[in-house]
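See structure below.
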Amino acid sequence: MNTILRKSILGIAGLTVAGGLAAGPLNHDTSTPTTRNAAAVTTTQAAKLDSAALIPHGVQGTQSRIDLDDEQTANVKAIIAATKKAGMDERAAVVSIATALQESKLENLGHLGDRNDHDSQGLFQQRPSSGWGTVEQITDPEYSTMAFLKGLKQVDGWKDMPLTVAAQTVQVSAYPDHYAQWEQQAADLVAEHWNS
């Protein structure tokens with residue numbers, strides 16, 4: 001069994017055990033909930049359902065987080081809008097945003113001179129020389145997101161893969177495991193902005 005799959009299975013098993021312990025008899029409240037408590041339970045359950053849809057495999061490894069400025073937040077919203085336009089769901093937006101967090105920290109980067117990775121540009125660090133589009137296209141957030149999502153759609157079973165495997169299959173990065181660290185922040189951003 002490959003290492004990523006083994007870690008995913010062990011992570012899910014760990015979440016299941018931890019969830020079972022937290023919900024076990026020690027935390028069982030036999031009192032009748034008030035209306036306020038019932039509403040809180042309903043809200044908590046809805047949040048868990050959303051989290052399960054956004055992060056179906058659980059996060060892998062240590063998570064990173066950055067503060068976003070207005071431009072980065074606008075790019076998050078552009079990625080979400082493009083995902084909806086492509087007819088894809090919230091999970092696709094999580095994978096896209098996590099990928100852009102790793103590749104550019106959600107900054108629409110132009111050519112960086114000597115610091116550039118070949119001719120990589122834009123939110124997803126796509127390369128004109130690799131057929132992603134022209135510089136003008138790949139530095140357009142909608143176009144670059146649609147190009148990434150087109151690649152993601154071609155990955156058989158991407159929804160059943162850990163995020164970092166799905167992203168790596170599209171991006172072919174020299175650092176394939178680095179996408180995983182952004183999954184929680186990407187899910188939080190999608191939860192915050194999907195319906196805004």
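The values are calculated or read from the model by the stated rules, or taken from the named source; none is laboratory data. Everything quoted here is computed from the prediction, not taken from an experiment. Every residue, glycine among them, receives a Cβ derived from its backbone with ideal geometry; neighbour counts consider all protein chains shown. The accessibility values were calculated without ligands, DNA or RNA, using every heavy atom of the protein model including side chains. Shrake-Rupley method; radii C 1.70, N 1.55, O 1.52, S 1.80 Å.
State whether one or more residues within region 141-164 are farther than 15 Å from Val94 by Cβ and among the hydrophobic types (A, V, I, L, M, F, W, C). Within region 141-164, one or more residues are farther than 15 Å from Val94 by Cβ and among the hydrophobic types (A, V, I, L, M, F, W, C). In this structure, Ala92 qualifies as open to solvent by less than 10 Å² (accessible area, probe 1.4 Å) and either β-branched (Val, Ile, Thr) or under 24 Å from Asp70 (Cα atoms) (or both). Would you check if Asp50 is open to solvent by 60 Å² or more (accessible area, probe 1.4 Å), within 29 Å of Lys150 (Cα to Cα) and modelled with pLDDT under 90? Against the criterion (open to solvent by 60 Å² or more (accessible area, probe 1.4 Å), within 29 Å of Lys150 (Cα to Cα) and modelled with pLDDT under 90), Asp50 qualifies.
Name every residue in region 56-71 that is under 23 Å from Ser144 (Cα atoms) and either in contact with a Ser or Thr (Cβ under 9 Å, 6 or more places away or on another chain) or outside any helix (DSSP H, G or I) (or both), in order of residue number. Full working, then the answer.
First pass over region 56-71, keeping only residues under 23 Å from Ser144 (Cα atoms): 65-71.
Matches in region 56-71: Arg65, Ile66, Asp67, Leu68, Asp69.
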